[in-house]
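Asks: I am attaching a structure below and will ask some questions about it afterwards.
The values are calculated or read from the model by the stated rules, or taken from the named source; none is laboratory data. The model shown is predicted, which means the values in this text are computed figures rather than measured ones. Reconstructed Cβ throughout: ideal geometry from the backbone, glycine too, with neighbour counts over all protein chains shown. With ligands, DNA and RNA removed, areas are computed over all heavy atoms of the protein, side chains included. Shrake-Rupley method; radii C 1.70, N 1.55, O 1.52, S 1.80 Å.
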Amino acid sequence: MSNFVSLFDVLETQGSLTPIKDEILTMKFNLKKEMDKGLTPEEMKLAQEEEKAILAAENILEKL
């Protein structure tokens, strides 16, 4: 489980969205890897919800 870090904290310390974009790409890659292994129907529903959240985060970053 990762620690919560706000977007403003990252921008204040890093001055860039790159660390957040990298983290989202890592989450997306790891999720796809797990989905490719094969999931139960319940696990697949959860994975699809996680995928929607990741895509929403990507869309938000594109607008910044």
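Asks: Please report the net charge: other residues with Cβ closer than 12 Å to the Cβ of L31, K and R +1, D and E -1.
Replies: Working: positive: K28, K32, K33, K37, K52; negative: E34, D36, E43, E49, E50, E51.
Net of charged neighbours comes to -1.
Asks: Under a Cβ-Cβ cut-off of 11 Å, what is the net charge of the residues other than I54 that fall near it, where Lys and Arg count +1 and Asp and Glu count -1?
Replies: On the way: positive: K28, K32, K52; negative: E23, E49, E50, E51, E58.
Surrounding charge for I54 is -2.
Asks: Can you give the calculated 222 nm mean residue ellipticity of the chain, where each DSSP H run of n ≥ 4 adds -39,500 (n - 2.57) and the sum is split over every residue, rounded to the nearest 500 deg cm²/dmol? It would help to have the intermediate numbers written out before the result.
Replies: Working: 3 runs with 51 residues, N = 64.
Per the formula, -26500 deg cm²/dmol.
Asks: Further question: Taking N as the number of residues in the chain, what is its Cα Rg relative to 2.2 N^0.38 Å?
Replies: Numbers: Rg = 13.6 Å, N = 64, 2.2 N^0.38 = 10.7 Å.
Working it through for the chain, the quotient is 1.27.
Asks: For the chain, which whole percent of the accessible surface, found with a 1.4 angstrom probe, sits on carbon and sulfur atoms? Let's see the in-between values first.
Replies: Details: 3080 of 5330 Å².
Answer for the chain: carbon and sulfur cover 58 percent of the accessible area.
Asks: At 1.4 Å probe radius, can you tell me the per residue accessible area of the chain in Å²?
Replies: Accessible area per residue, the chain: 83 Å².
Asks: Students often forget the sequence filter, so: which lysines lie under 20 Å Cα-Cα from K33 once same-chain residues fewer than 8 apart are removed?
Replies: Straight-distance partners of K33: K21, K45, K52.
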